[in-house]
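Here's the structure, in structure tokens; my notes come after.
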Amino acid sequence: MRVYYDRDCDVNLIKDRKIAILGYGSQGHAHALNLRDSGAKNIVVALREGSPSRAKAEAEGLTVMGIAEAAAWADLIMFTMPDELQAETYKKYVHDNLREGAAIAFAHGLNVHFGLIEPKPGVDVIMMAPKGPGHTVRSTYLQGGGVPSLIAVHQNASGKAKEIALAYAAANGGARAGVIETSF
């Protein structure tokens, strides 16, 4: 088993990508803020209409978009929302708006593993999963550390899916503690 650290990851691979964080709860807020603080320049939070999280994200200086709009805009859309909402959200807002060459990412593998989300061809499908709750992911990052993370590649349309997953995990602080490759 190989463990990846910051020295093994090129965060520059995601610094200029358009990244949409879908959800702004426990994991979503940590991902959005950690990526921003690691130098990612184009981050939006994708939320459903009327979400109470909108004010929280905007208070942190983050841009908020609707989910369909963010899916069409993004190079990478990260699902941090609860597992039970992901399949319907993907079908209704993401699938038809996601362009070829983009990536969909998950903080948990359930929906892809069990076939609840069937990604279209032509997109990377990756997982970057910190092994701790969002408040710990954020507070540990702010202290200069990180929470160990898992990465996985389900679909490698770009030929760079693993490198993108490692870059994202590093920007989220995971490669400070160690990143392990697994499956969904």
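The values are calculated or read from the model by the stated rules, or taken from the named source; none is laboratory data. Predicted model, so just to flag it, every value in this text is computed and none were measured. Cβ atoms come from the backbone with ideal geometry, glycine included; neighbour counts cover every protein chain shown. Note: areas computed on protein heavy atoms with side chains; ligands, DNA, RNA excluded. Shrake-Rupley method; radii C 1.70, N 1.55, O 1.52, S 1.80 Å.
Structure summary
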| quantity | calculated |
| --- | --- |
| Pairs with Cβ under 8 Å, 6+ apart, first in the range 113-124 and under 17 Å from LYS92 (Cα atoms), second assigned to a loop (DSSP other than H, G, I, E, B) and modelled with pLDDT of 95 or more | LYS120/HIS95; LYS120/LEU98 |
| Residue among LEU13, LEU85 that alone is part of a helix (DSSP H, G or I) and either open to solvent by less than 20 Å² (accessible area, probe 1.4 Å) or touching an Asp or Glu at 6+ places or on another chain (Cβ under 9 Å) (or both) | LEU13 |
| Filter pass, LEU33 being in a helix (DSSP H, G or I), under 24 Å from PHE184 (Cα atoms), of a type in the set (A, V, I, L, M, F, W, C) and modelled with pLDDT of 95 or more | no |
| Residues that are farther than 19 Å from LYS18 by Cα and of a type in the set (A, V, I, L, M), drawn from the range 131-180 | VAL137, LEU142, VAL147, LEU150, ILE151, ALA152, VAL153, ALA175, ALA177, VAL179, ILE180 |
| Tally, over the range 26-36, of residues that are open to solvent by 10 Å² or more (accessible area, probe 1.4 Å) and out of contact with any helix residue (DSSP H, G or I) (no Cβ under 7 Å at 6 or more places or on another chain) | 1 |
| Helices (runs of 4 or more DSSP H) lying entirely in the range 96-184 (those with 1 or more residues that are polar (S, T, N, Q) and farther than 18 Å from PHE79 by Cα) | 134-142 |
| Odd one out for TYR24 among (1) under 24 Å from ARG176 (Cα atoms); (2) within 11 Å of the chain's Cα centre (by Cα) | (2) |
| Residues located in the range 87-110, provided they are closer than 20 Å to ALA157 by Cβ and of a type outside the set (A, V, I, L, M) | TYR90, LYS91, HIS95, ASP96, ASN97, ARG99, GLU100, GLY101, PHE106, GLY109 |
| Pair list, Cβ under 6 Å, 6 or more apart: the range 57-69 residue farther than 20 Å from ASP37 by Cα, other residue assigned to a helix (DSSP H, G or I) and modelled with pLDDT of 95 or more | ILE67/TYR93; ALA68/TYR93 |
| Residue among GLU118, GLU181, GLU163, GLU100 that alone is under 26 Å from GLU49 (Cβ atoms) and open to solvent by 30 Å² or more (accessible area, probe 1.4 Å) | GLU118 |
| Residues satisfying the stated conditions in the range 1-10, i.e. open to solvent by less than 60 Å² (accessible area, probe 1.4 Å), of a type outside the set (Asp, Glu) and not in a loop (DSSP other than H, G, I, E, B) | VAL3, TYR4 |
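Rundown of residues vs (1) on the phi > 0 side of the Ramachandran plot; (2) more than 16 Å from the chain's Cα centre (by Cα); (3) open to solvent by 20 Å² or more (accessible area, probe 1.4 Å), yes/no style:
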| residue | (1), (2), (3) |
| --- | --- |
| ILE104 | no, no, no |
| LEU110 | no, no, yes |
| ASP124 | no, no, no |
| THR140 | no, yes, yes |
| GLY144 | yes, yes, yes |
| ILE151 | no, no, no |
| ARG176 | no, yes, yes |
